[in-house]
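A short write-up of the structure that comes next.
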Amino acid sequence: MTKIRVAVLFGGRSSEHSVSCVSASGVLRALDPQKYDITAIGISPSGRWIKMDSNLDFVMASGQLPQVPEVGESLALSPDPEVLRHQLADIDVVFPVLHGPWGEDGTIQGLLELAAVPYVGSGVLASAAGMDKITMKILLAHAGLEVGAFVGITDHQWRNDQAACIDAVNDLGYPVFVKPARAGSSRGITKVKKQGDLIAAIEQARTHDPRIIIEAGVEQARELECGVLSGDQGRLRASCVAEIVVGGQHEFYDFDAKYLEDSAQLVVPANLDIDIERELQELAIRAFDALGCEGLARIDFFLDANRTLIINEANTMPGFTPISMYPRMWQGSGIEYGELIDTLISDALRRGTGLR
Ligand SMILES: Nc1ncnc2c1ncn2[C@@H]1O[C@H](COP(=O)(O)OP(=O)(O)O)[C@@H](O)[C@H]1O
Ligand SMILES: [Mg+2]
């Protein structure tokens, strides 16, 4: 049997660099060496592509947040599609285990399209749309899905008419959540309870992204998530539903609650009425399809006090360590971590690149 030559791409230039390294070390450990020839490519915080040893010792090494080193055997990739194809000629499929901008947002996907190398997950458009919370919510709302009230503020709008921006936010009512449009891991997000704190929160979000979104806060909501997977021949499946229960001292599911403290509890499967669970799974598949996602996505919801399911966001490359929510939800639905990775890789190979 000839082995599938798979390259795992990780790290990257976004603020989710370290999270990506941890996800990738899980994927690399689970890839069966009998089935795959494995190449590990780390992208350093400055964007250099470094060939790395596939055991990724550095991830566990220091007890600190892991980082791809800036030094090492680097890959100089050419933007010329012919040259690029040649440079990546020994790779059948790429698993871009990258979170955030310059990885989960269509940029890497565009590079791989140019090189005609198949890759796991969504293509250029769905990756970009999923990354940008304003575009994502417009597309979902257009498909008739509930996303809650929000205001998008572009750099142009903020610079030209702050008063109009603030008026639009005030119409949402407080609390609001102020977010960079294109970030992740809760970076740059502030819950604002009164107008007096709004401008500082906006300026804070704008240090991450000049494009921001402000959403009406969903109060007393349960946070529920569902995995969507493109299985055999592209048939979409929804996983069991899971719940995040955030511990006392955190106002919401912020970065510390996600990664640094043991304060958020992941409940898999969530304790839910069967009708809500079914409805949520159906909405997750509709959201996946409305955004044009491929391969995998995790769709995150709020269940509000009126039992309305509101879509918070879609993540086209969700956290992927063996204990991350996406793999755990599939485990809860009978698909183990290794099998999940095999499914994603064969789906990528089946789909190929180009218009499809
Ligand atoms: N509109 C909202 N109402 C209530 N809580 C929210 C709202 N938006 C975000 N949150 C809280 O903030 C967290 C992070 O927001 P999210 O939009 O998921 O950002 P990220 O893409 O960084 O994960 C959510 O998991 C939730 O706890
Ligand atoms: Mg989130």
inquiry  = List the residue pairs whose Cβ atoms are under 7 Å apart, where the first residue sits in segment 252-272 and is in the same structural domain as LEU303 (by TED's automatic domain parsing), the second is in a helix (DSSP H, G or I) and within 14 Å of ligand 2 (Cβ to nearest atom), and the two are 6 or more positions apart or on different chains.
reply    = TYR259/VAL19; SER263/ALA257; ALA264/ALA257; ALA264/LYS258; LEU266/MET325
ask   = Of all residues in segment 171-190, how many are surrounded by fewer than 21 Cβ atoms within 10 Å (Cβ to Cβ), within 7 Å of ligand 1 (Cβ to nearest atom) and not in a loop (DSSP other than H, G, I, E, B)?
value = 0
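Condition test on LEU84, is it within 22 Å of TYR326 (Cβ to Cβ), crowded, with 16+ Cβ neighbours inside 10 Å and at pLDDT below 90? Explain how you work it out, then say what you get.
Values: within 22 Å of TYR326 (Cβ to Cβ): no; crowded, with 16+ Cβ neighbours inside 10 Å: yes; at pLDDT below 90: yes.
For LEU84, the condition - within 22 Å of TYR326 (Cβ to Cβ), crowded, with 16+ Cβ neighbours inside 10 Å and at pLDDT below 90 - is not met.
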key: segment 1-60: number of residues that are closer than 21 Å to LEU75 by Cα, basic (Lys, Arg) and in a loop (DSSP other than H, G, I, E, B)   = 2
task = Answer yes or no: is there a residue in segment 195-214 that is closer than 30 Å to ILE276 by Cβ, within 11 Å of ligand 1 (Cβ to nearest atom) and either at pLDDT 95 or above or part of a loop (DSSP other than H, G, I, E, B) (or both).
result = yes
message = Suppose we filter ILE212, ILE189, ILE244 for residues that are in the same structural domain as ALA270 (by TED's automatic domain parsing) and within 16 Å of ligand 2 (Cβ to nearest atom); which single one remains?
response = ILE244
key: Any pair with Cβ under 6 angstrom, 6 or more apart, that starts in segment 30-41 at a residue that is in the same structural domain as PRO96 (by TED's automatic domain parsing) and ends at one that is among the hydroxyl-bearing types (Ser, Thr, Tyr)   = ALA30/TYR337; ILE38/SER54; ALA40/SER54
task = Determine which member of the set GLY332, GLY292 is closer than 16 Å to LEU139 by Cα and modelled with pLDDT of 95 or more.
result = GLY292
task = Go through ASP161, ASP167, ASP171, ASP197 for me and flag whichever is over 20 Å from VAL218 (Cα atoms), among the acidic types (Asp, Glu) and more than 24 Å from the chain's Cα centre (by Cα).
result = ASP161
message = Quick test for you: out of ASP132, ASP161, pick the one residue that is modelled with pLDDT of 95 or more and within 15 Å of ligand 2 (Cβ to nearest atom).
response = ASP132
remark   = LEU140 meets each of (1) in contact (Cβ under 8 Å) with a residue 60 or more places away in the chain; (2) not assigned by TED's automatic domain parsing to the domain that holds ASN315 with one exception, condition (2)
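Just to confirm my filter: which strands (runs of 3 or more DSSP E) fall fully inside segment 241-356 and include at least 2 residues that are under 18 Å from the mean Cα position of the chain (by Cα)? Step through it out loud before you land on a result.
On the way: elements: 264-267, 296-303, 309-315.
Hits in segment 241-356: 296-303, 309-315.
Being within 22 Å of PRO210 (Cα to Cα) and either touching a Leu at 6+ places or on another chain (Cβ under 6 Å) or crowded, with 18+ Cβ neighbours inside 10 Å (or both) is the filter here, so list the residues in segment 137-146 that pass it.
LYS137, LEU139
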task = Kindly list, by first and then second residue, each pair from a residue in segment 299-314 that is more than 19 Å from TRP330 (Cα to Cα) and more than 16 Å from ligand 2 (Cβ to nearest atom) to a residue that is at pLDDT below 95 and of a type in the set (Val, Ile, Thr), limited to pairs with Cβ atoms under 9 Å and residues at least 6 apart or on different chains.
result = none
task = Kindly list the number of the only condition in (1) of a type outside the set (Asp, Glu); (2) under 22 Å from MET131 (Cβ atoms); (3) in the same structural domain as LEU303 (by TED's automatic domain parsing) that fails for GLN233.
result = (2)
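The values are calculated or read from the model by the stated rules, or taken from the named source; none is laboratory data. Just so you know, these numbers come straight off a predicted model, no measurement behind them. Cβ: placed from backbone, ideal geometry, glycine included. Neighbour counts: every protein chain shown.
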